[in-house]
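Participant: One structure coming up, written as structure tokens, with questions to follow.
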Amino acid sequence: MGWLTKFFRGSTHNISEGQHQSKPAEEARWNEPSSSTVVTDVISEFDNEDIDRAIALSLSEEENRKSKGTGKELHLDEDEQLARAIQESLNVESPPRARENAPPPHARENSSHSRARENGSANGGNAFQQLPFMFSSGFRTCAGCHSEIGHGRFLSCMGAVWHPECFCCHACSQPIYDYEFSMSGNHPYHKTCYKERFHPKCDVCKQFIPTNMNGLIEYRAHPFWLQKYCPSHEVDGTPRCCSCERMEPRESRYVLLDDGRKLCLECLDSAVMDTNECQPLYLEIQEFYEGLNMKVEQQVPLLLVERQALNEAMEGEKTGHHHLPETRGLCLSEEQTVSTILRRPRMTGNKIMEMITEPYRLTRRCEVTAILILYGLPRLLTGSILAHEMMHAWLRLKGYRTLSPDIEEGICQVLAHMWIESEIMGGSGSNATSTSSSSSSSTSSKKGGRSQFERKLGDFFKHQIESDTSVAYGDGFRAGNQAVLQYGLKRTLEHIRLTGTLPF
């Protein structure tokens, strides 16, 4: 089964480090009236034209002299104001200029602090942004508290201005005093808060999934369970459940079966462990076939076996199609002796111990000598394998010609899929199903008492059949299922019997 590989590509939205946009102070215009006074002594007795002319000339010269002095003072005052403004600007560290010809915000990435997001996620991406601290010489409204900022330090980011204590993390509601912060959508975050909320964690080791050599967050995900895990767990020996295929989390321990397989505790809850325990389920599958008017007349033995016994029996068969990499069921036609599990093994800690087996000699009384099923699998998976192998037996006992692998395995998968579907929907091939299996220890997980996980597990087994990529089992199922949906099971089987092919 193919595994999904996810890459998170970071998108950075750098804030342009804006300059203070307040208008420069208007030039001061000094229109001071002359503060000097002119004292003129009035001498009435010298009131003649010469004296008057001399006095007028003196007054004119005095006015010209004082007028020139006032202009110089005005220029001195303006120069002093300009020098003071330059000195203050040098004392305040101005923010770095935005680089010319820089790429647009969405195209820039901070390589040393880049984070990643899943493509198409609702988070809107994130970036580490720099806080441009500035000094205000005018009055502005804070986007946080909506009060005037007045004179002093303020922040200019996200298209607004803020008091430093009003610019808060969206996660913890604490002020962001760090020089850098992260963004998601329109919300700012502390770098640590953003990582905790948005950076994916491995479902196996519970750690943050590391970035690869290209700075991207790369992880694997199961196509059905969507269990995310670090790529390293595929090669570090982390075990999978032999039933549901989920990886073993570090905080839990799967059960180790004696043939080396591992089983998660949820699958163990409904696992079928020995031949006697499987007989009620076998009767249920037979009744399912009867409900389809496909009764198997001959009594075919059903045996639960270990993996080694199953592989040995497979080697003894001259014909048959087997689903690699592991076979979990066989319909035998040859006489041979197999080792069957006599009694449910005892579990000690997280290990299955004291497996009791006995040899079983198969004799050929018809075209089918026995059906073998791998032990230790959940009831729904055991039943689907049994329904598949029962179809092999039905085809042979009804005299169907030797069929191509995709036709035979495909139609057998169709029956297995139909049985799982009937179980999930809460029904089976017969109303007597519940009474026929009432003695089974797995009845607590059947019908109305089935757990939510077991229903999910049934959906997974259906998904496995539907998404199988092999030619015989996958393509064969999809072609056979389409024929059954279009023409019905009875007409499809009749066409296969006559022509060896599916109807089209």
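Participant: In region 222-253, whose amide N lies under 13 Å from the spot 7 Å out along Cα-to-Cβ of Asn311? List them in ranges.
Facilitator: none
Participant: Same structure again: Going down the table (Lys398/Lys456; Lys206/Lys351; Lys206/Lys456), which pairs top 29 Å between alpha carbons?
Facilitator: Exceeds cut-off: Lys398/Lys456.
Participant: What does the charge count near Tyr400 come to, summing +1 for each Lys or Arg and -1 for each Asp or Glu among other residues with Cβ under 9 Å from its Cβ?
Facilitator: So the environment of Tyr400 carries a net charge of +3.
Participant: So if we plug the beta-carbon distance of Val235 and Ser451 into 1/(1 + (r/R0)^6) with R0 = 41 Å, what FRET efficiency do we get, rounded to 0.05?
Facilitator: It comes out at approximately 0.80.
Participant: Would you mind computing, in nm to one decimal, how far apart the modelled labels at Leu498 and Arg253 are, each placed 7 Å from Cα along Cα→Cβ?
Facilitator: 6.2
Participant: How much solvent-accessible surface does Val161 expose, in Å² to the nearest 10, with a 1.4 Å probe and all protein chains in place?
Facilitator: 20
Participant: Let me have the relative contact order for region 197-309, percent, based on Cα pairs under 8 Å that are six or more residues apart.
Facilitator: 16
Participant: If R₀ is 56 angstrom, what is the calculated FRET efficiency for the pair Lys398 and Lys201, using the beta carbon separation as r and rounding to 0.05?
Facilitator: That gives a FRET efficiency of 0.55.
Participant: Over the Cα atoms, compute the radius of gyration (one decimal) and Dmax (the largest Cα-Cα distance, rounded to a whole number) for region 268-390, in Å.
Facilitator: When restricted to the Cα atoms of region 268-390, Rg and Dmax are 14.2, 46 Å.
Participant: Could I ask something else about it? What number comes out for the charge environment of Asn481, summing +1 per Lys or Arg and -1 per Asp or Glu over other residues with Cβ under 13 Å away?
Facilitator: -4
Participant: Given the options Leu216, Ser243, Pro200, identify the residue whose Cα lies farthest towards the positive end of the charge dipole of region 175-304 (+1 on Cβ of Lys, Arg; -1 on Cβ of Asp, Glu).
Facilitator: Positive-end residue among those listed: Leu216.
Participant: At q = 0.22, 0.27 Å⁻¹, what base-10 log of I(q)/I(0) does the Debye formula yield for region 215-258 when every alpha carbon is treated as an equal point scatterer in vacuo?
Facilitator: Results for region 215-258 at q = 0.22, 0.27 Å⁻¹ read -0.82, -1.13.
Participant: Over region 166-215, one equal point on each Cα, no solvent: what is log10 I(q)/I(0) by the Debye formula at q = 0.18, 0.21 Å⁻¹?
Facilitator: Log10 of I(q)/I(0), two decimals: -0.64, -0.77.
Participant: Between Thr141 and Gln482, what is the label-to-label distance in nm when each label sits 7 Å out along the Cα-to-Cβ direction?
Facilitator: 6.4
The values are calculated or read from the model by the stated rules, or taken from the named source; none is laboratory data. Quick caveat: nothing in here was measured; it's all calculated off a predicted structure. Please note: Cβ atoms are built from the backbone with ideal geometry, for glycine as well, and neighbour counts cover all protein chains shown. For accessibility, only protein heavy atoms count, side chains too; no ligands or nucleic acids. Shrake-Rupley method; radii C 1.70, N 1.55, O 1.52, S 1.80 Å.
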